[in-house]
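Notes for the one structure printed next.
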Amino acid sequence: MISKIDKTAILRREILNQYGSVRKFAGASGITYSTLTSALERGIEGMAYSSVIKMCDILGLNPVDFSRLGSGMVGDILLKEKVLNKYIKLNDAGQDKVLDYMDDLLLVKKYKR
């Protein structure tokens, strides 16, 4: 189990790695700078759950174990669910375009598994 300090440290590290500063991340996330700095200093337990989920989503972290999305089975499921949820929001023309684009990508060797 990840401790509160570890979760906070992971969030801080990812924010700095991906955005360079807490202030830039605050602007990108819509979470106030003071809320972020307070949470990163005191721990994220007092922070609203929805804000933690939002931060994890923006940073590409699994909100369950704070691993990078796409790593491990839970991360794979969450990533696929995120893609599917966006796909479902598209109209028929948008869905067709996504499928066509995916077919094109599959023809390019560097994008295949």
State which residue is nearest to the chain's Cα centre (by Cα) when the search covers only region 33-62 and only residues that are surrounded by 14 or more Cβ atoms within 10 Å (Cβ to Cβ) and not in a helix (DSSP H, G or I). Gly60
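The rows are residues; the columns are (1) under 30 Å from Ala9 (Cα atoms); (2) touching a residue at least 24 places away in the same chain (Cβ under 8 Å); (3) in contact with a Ser or Thr (Cβ under 9 Å, 6 or more places away or on another chain).
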{"site": "Ser21", "(1), (2), (3)": "yes, no, no"}
{"site": "Ala26", "(1), (2), (3)": "yes, no, yes"}
{"site": "Tyr33", "(1), (2), (3)": "yes, no, no"}
{"site": "Lys54", "(1), (2), (3)": "yes, yes, yes"}
{"site": "Leu61", "(1), (2), (3)": "yes, yes, yes"}
{"site": "Ser67", "(1), (2), (3)": "yes, no, no"}
{"site": "Gln95", "(1), (2), (3)": "no, no, no"}
{"site": "Asp103", "(1), (2), (3)": "no, no, no"}
{"site": "Lys110", "(1), (2), (3)": "no, no, no"}
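FYI, it's all coordinate maths here, none of it is from the lab. The structure displayed is predicted, hence computed values, not measured ones. Glycine also receives a Cβ, built like all others from the backbone with ideal geometry; neighbour counts cover every protein chain displayed.
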